[in-house]
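Right, one structure below, let's go through it.
The values are calculated or read from the model by the stated rules, or taken from the named source; none is laboratory data. Computed from a predicted structure; not experimentally measured. A quick note on method: Cβ atoms are made from the backbone with ideal geometry, for glycine too, and the neighbour counts reach across all protein chains shown.
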Amino acid sequence: MNTLKRIAGLCWIVLSFAAIAFLFSRAGAELTADKVTPDKKIFWYTILPVYTPLMLGLALFGYYALKGEYDSVGKVK
């Protein structure tokens, strides 16, 4: 079970950084288009500062899982 937790931790880390890269690439593509409407600017200028820390938190969760911090959950030390 502990191996599964560590593999899942690695998956969370990869997923979080992939999501950040996708968000920034998508925002860059939409904000550099020929016709940029104000609603697109407001959307991306709101989404990026909100979701980037959330994804970094997911990466931190994955790091702790990869490190083995959740291996002893429910056990008395």
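For the range 23-77, filtering for residues that are within 13 Å of residue 9 (Cα to Cα) and of a type in the set (D, E, K, R) leaves 3. Might you let me know whether the range 32-45 holds any residue that is among the aliphatic types (A, V, I, L, M) and at pLDDT 95 or above? Among the residues of the range 32-45, at least one is among the aliphatic types (A, V, I, L, M) and at pLDDT 95 or above, which makes the answer yes.
Restricting attention to the range 46-60, the residues that are β-branched (Val, Ile, Thr) and exposed (fewer than 11 other Cβ atoms within 10 Å of the Cβ) total 2.
For the criterion of being in contact (Cβ under 8 Å) with a residue 12 or more places away in the chain, surrounded by 13 or more Cβ atoms within 10 Å (Cβ to Cβ) and assigned to a helix (DSSP H, G or I), residue 43 fails. Flag set for residue 28, criterion: over 30 Å from residue 5 (Cβ atoms) and assigned to a helix (DSSP H, G or I).
Apart from one condition, residue 63 fits all of (1) modelled with pLDDT of 95 or more; (2) of a type in the set (Ser, Thr, Tyr); (3) loosely packed, with under 14 Cβ neighbours inside 10 Å; the exception is (3).
Of all the residues in the range 1-27, those that are without any contact (Cβ under 8 Å) to a residue 40 or more places away in the chain and of a type in the set (Ser, Thr, Tyr) number 2.
When we screen 60, 66 for residues that are within 16 Å of the chain's Cα centre (by Cα), in contact (Cβ under 8 Å) with a residue 12 or more places away in the chain and part of a helix (DSSP H, G or I), the only hit is 66.
Scan the range 13-31 and tell me whether some residue there is surrounded by fewer than 14 Cβ atoms within 10 Å (Cβ to Cβ), on the phi < 0 side of the Ramachandran plot and of a type in the set (Asp, Glu). Within the range 13-31 (the criterion being surrounded by fewer than 14 Cβ atoms within 10 Å (Cβ to Cβ), on the phi < 0 side of the Ramachandran plot and of a type in the set (Asp, Glu)), the answer is no, since none of the residues qualifies.
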